[in-house]
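K.L.:
I'd like to ask you about the structure that follows.
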Amino acid sequence: MRRSPGGVMRLCLSTSDHAGRRRDVGYRVITRLLAFVLWPLASLVAPGLGRSVACSWALRVRFPSEDLTGLSTGTHAAFVAARTKALWRHGTLLGLTSGHRDAGTQDRLFTAEVRRTGSVARARRRALPPANSRHVTGTALDIRPRDGAHWLELHGAAHHLYRVYDNEWWHFEYHPEGRPRRVPHPGFSLAEAET
């Protein structure tokens, strides 16, 4: 922090922070512009769904490695609706870092976390075994960038998408039955709450 001439404390951002923020703003602007340009063609290809299709096309350019396959039907529809609304109404990009994972992939992630932390209990604070992971059922989404996750935390309930863990700003789950209880971490249990 630095004190300004008027005595006000200011948070000083490094050059790389400024460059990162400028780059993120640039990505948002370019992606929105691309969606706008693609909208007429998308409306011809998919009458009545032009905005959604144009949004999907533009976000595919922005996040080329994202994979929505394997998401449950409800989760997929909710995520597409949320990201379309985020882009067109608020200029916010919602990308998917990870969605559906098969049981083998989830087991490898959990096993690696057990090795890293040295215990199953500590590993469960960051990852779950396949039998307990909603990624395996296709109803969990790891969102990027951080401002997209923030948007989803504020507006996700309209799409039945909720942040469920305090320690994972990126992790959201599809719960059509309503808002689930938010817990400190993935392995949290009621037994922990009582101790």
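K.L.:
Add +1 for every Lys or Arg and -1 for every Asp or Glu among the other residues with Cβ under 12 Å from the Cβ of ARG122, and state the total.
P.N.:
Working: positive: ARG115, ARG116, ARG124, ARG125, ARG126; negative: GLU113.
That works out to +4.
K.L.:
Beta carbons within 10 angstrom, averaged per residue: use that to sort the peptides 129-142, 56-69, highest first.
P.N.:
129-142, 56-69
K.L.:
Starting with the highest mean, order 176-185, 108-117, 22-31 by the number of other Cβ atoms within 10 Å, averaged over the residues of each peptide. Show your work: numbers first, answer last.
P.N.:
Values: 176-185: 11.2, 108-117: 15.1, 22-31: 13.2.
Result, highest mean Cβ count within 10 Å first: 108-117, 22-31, 176-185.
K.L.:
Taking every DSSP beta bridge that has both residues in the range 47-195, what percent is antiparallel when rounded to the nearest 5?
P.N.:
In the range 47-195, approximately 90 percent of DSSP beta bridges are antiparallel ones.
K.L.:
While we're looking at this one, here's another question. Over the chain, average the accessible area per residue using a 1.4 Å probe and give it in Å², no decimals.
P.N.:
58 Å²
K.L.:
Please list, in order, the residues from the range 156-181 whose amide nitrogen is less than 12 Å from a point placed 7 Å along the Cα→Cβ vector of ARG146.
P.N.:
Taking a point 7 Å out along Cα→Cβ of ARG146, the residues of the range 156-181 whose backbone N falls under 12 Å are 169-170.
K.L.:
Which one of LEU49, LEU34, LEU93 has the biggest mean-square fluctuation once the chain is modelled by GNM with Cα springs under 10 Å?
P.N.:
LEU49
K.L.:
Further question on the same structure: What net charge is computed for the residues neighbouring LEU109, neighbours being all others with C-beta under 13 Å from the C-beta of LEU109, Lys and Arg scored +1, Asp and Glu -1?
P.N.:
In short, +2.
K.L.:
Using only the Cα atoms of the chain, construct the convex hull and provide its projected area averaged over every direction, in square nanometres to one decimal.
P.N.:
For the chain, averaging the hull's shadow over all directions gives 15.4 nm².
K.L.:
Once the Cα gyration tensor of the range 26-77 is found, what semi-axes does its equivalent ellipsoid get, as square roots of 5 times the eigenvalues, in whole Å, sorted largest first?
P.N.:
Over the Cα atoms of the range 26-77, the semi-axes work out to 19, 16, 8 Å.
K.L.:
Same structure, new question: Leaving ligands, DNA and RNA out of it, report the carbon-plus-sulfur percent of the accessible area of the chain at a 1.4 Å probe. Kindly include the intermediate steps, with their values, before the conclusion.
P.N.:
Working: 6480 of 11330 Å².
The nonpolar share, carbon plus sulfur, comes to 57 percent.
K.L.:
Another question, then. Starting at the first residue of the range 86-96, write each ³J(HN,Hα) from the Karplus equation 6.51 cos²θ - 1.76 cosθ + 1.60 with θ = phi - 60°, in whole Hz, x for Gly and Pro.
P.N.:
4, 5, 6, 8, 10, x, 9, 9, 10, x, 10
K.L.:
I've got another one for you. Efficiency by 1/(1 + (r/R0)^6): what FRET value for ALA157 and HIS90, r their Cβ-Cβ distance, R0 = 25 Å, to the nearest 0.05?
P.N.:
That pair, ALA157 with HIS90, gives E of 0.95.
K.L.:
How far apart, in nanometres, would the label points at SER119 and GLU168 be if each is projected 7 angstrom from Cα along the Cα-to-Cβ direction?
P.N.:
Reported label-point gap for SER119 and GLU168 is 2.0 nm.
K.L.:
Around ARG163, under 15 Å between beta carbons, what's the net of Lys plus Arg minus Asp minus Glu among the other residues?
P.N.:
Local charge sum for ARG163: 0.
K.L.:
Might you report the magnitude of the Cβ-based charge dipole of the chain about its Cα centre, with Lys and Arg at +1 and Asp and Glu at -1, to the nearest 20 debye?
P.N.:
I would put it at about 760 debye.
The values are calculated or read from the model by the stated rules, or taken from the named source; none is laboratory data. Treat the numbers as computed from the prediction; the structure is a model and nothing was measured. In this analysis, Cβ positions are derived from the backbone assuming ideal geometry, glycine residues included, and neighbour counts consider all displayed protein chains. The area values use the complete protein model at the heavy-atom level, side chains included, leaving out ligands, DNA and RNA. Shrake-Rupley method; radii C 1.70, N 1.55, O 1.52, S 1.80 Å.
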